[in-house]
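Notes follow once the structure below has been shown.
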Amino acid sequence: MTRNIRITVADAPAIGERRLRFVDGRSVVLFNVEGVIHAIDDSCPHNGASLANGRLDGRVLQCPAHGLRFDLVSGCVVGAPGMCLTKLVVETSSANLNTLSPHRTACGDSATGVTIGPSPAAPY
Ligand code: FES
């Protein structure tokens, strides 16, 4: 079943930052990577450690427990496909970020983030 989780755009992290949110009994970490919001379950697929305080280098998040590194865009372990984050698809609607039902991504799946901020200028 698809279920939306609503987080206000004002709650979104600034570029390069992250926010941990507890929504409907689950922990979700939002990352802003170069203006694109990515949402993941706060649970490492290796052994369940919290990822909220993992080291972020560009779009690569390192699990603080055992050091696996995940690409936030693809959800995959860097250099060893097969273990993936549980990403949430993020959409915007006016003042809300709607994250759709979490799903474990197949590596390279298209569970995408969303760009927030001003819309591109209209063409003349
Ligand atoms: S729990 Fe994350 S790498 Fe082991």
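So which residues in the stretch 1-20 are in a loop (DSSP other than H, G, I, E, B) and modelled with pLDDT under 75, if there are any at all?
Initially, the stretch 1-20 is screened for residues in a loop (DSSP other than H, G, I, E, B), giving 1-4, 12-17.
Passing the criteria: Met1, Thr2, Arg3, Asn4.
Restricting to the stretch 57-69, and then to whatever is aliphatic (A, V, I, L, M) and surrounded by 17 or more Cβ atoms within 10 Å (Cβ to Cβ), can you tell me which residue is farthest from the ligand (Cβ to nearest atom)?
That would be Leu61.
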List every residue pair whose Cβ atoms lie under 9 Å apart, where the two residues are 6 or more positions apart in sequence or sit on different chains, the first residue falls within the stretch 51-79 and is at positive phi, and the second residue, located anywhere, is near the ligand (Cβ under 10 Å from one of its atoms) and at pLDDT 95 or above.
Gly79/Arg69
Okay, strands (runs of 3 or more DSSP E) sitting entirely in the stretch 34-73 with 3 or more residues that are within 15 Å of Arg19 (Cα to Cα), I get 36-41
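The values are calculated or read from the model by the stated rules, or taken from the named source; none is laboratory data. Since we're looking at a predicted model, the values are computed, not measured. Virtual Cβ from ideal backbone geometry, glycine too; neighbours counted across all protein chains shown.
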